[in-house]
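Below is one structure, written out as structure tokens, with a few remarks after it.
Just so you know, all these numbers are worked out from the coordinates, no wet-lab data involved. As the structure is a computational prediction, the values presented were derived from the model and not from experiment. Neighbour counts are summed over all protein chains in view; Cβ atoms, including those assigned to glycine, are modelled from backbone coordinates with ideal geometry.
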Amino acid sequence: MRFRDRHVEATIAAYVRGGLSDLGWVSEPINFGATPLTWVDEVPTENSDVQVAPNTVAMTFGDIGEEGLEQLGGGLYSLNIPVFFDVFGDNGTIARCICSDILDLLKRDKVIPTLDWTTGTGVQTAETILFDVVMGPERPPASEMASSGDFRKHWRVVKATAVVTYQD
């Protein structure tokens with residue numbers, strides 16, 4: 001599939017965003033009376049002056065190197081992609097609750113189909129995404145030193161490896 005990593009990224013984002021919506025984080029009534037969740041495509045750097053709304057989730061991919069590609073035989077391949085979900089919560093408890101739901105989503109349906117987003121609407125393909133080595137939430141060091149008004153104060157991260165299996 002052309003632009004495979006982009007299709008995988010869009011598939012995972014749609015899956016997690018939809019799951020968080022179903023779990024009560026997007027539309028009223030919001031869990032625990034919290035702020036509705038916002039999804040962004042880029043995580044602000046630790047030294048950024050950009051302000052982030054409470055209950056923001058950002059999903060990013062780590063580096064996808066050649067060492068992540070494995071030939072399984074018979075033209076079947078797997079590609080390991082590190083995925084990070086940065087959660088900036090209203091408070092520490094809400095951040096941990098959102099992370100807990102992300103963890104549950106990734107562990108619940110260990111394998112999901114990769115969708116082809118070429119037409120703008122996800123169309124199921126024969127490729128699959130397996131969520132492996134799901135960890136977190138972890139608290140980045142910048143959150144421990146952040147002041148009470150800093151969006152990084154209630155920052156937590158969930159990490160996973162998306163193993164994409166496809167026929168070539």
Alpha-carbon Debye profile of the range 101-168, log10 I(q)/I(0) at 0.14, 0.22, 0.23 Å⁻¹: -0.61, -0.91, -0.94
Set of the range 1-35 residues, backbone N closer than 19 Å to the point 7 Å along the Cα-Cβ line of residue 109: 6-27
FRET efficiency for residue 40 and residue 119, using Cβ-Cβ distance with R0 set to 25 Å, rounded to 0.05: 0.55
Theoretical ellipticity at 222 nm over the chain - DSSP helices of four or more residues, -39500 (n - 2.57) apiece, nearest 500: -7500 deg cm²/dmol
Two-site label geometry, residue 71 and residue 13: point separation in nm, points 7 Å out along Cα→Cβ: 3.3
Degrees between helix 92-108 axis and first principal axis of the chain (Cα, 0 to 90, nearest 10): 20
Taking only Cα atoms of the range 17-168, radius of gyration then Dmax in Å: 16.9, 55
The chain: relative contact order as a whole-number percent, Cα under 8 Å and 6+ apart: 24
Helix 4-22 vs. the chain, principal-axis angle (Cα, 0 to 90°, nearest 10): 50
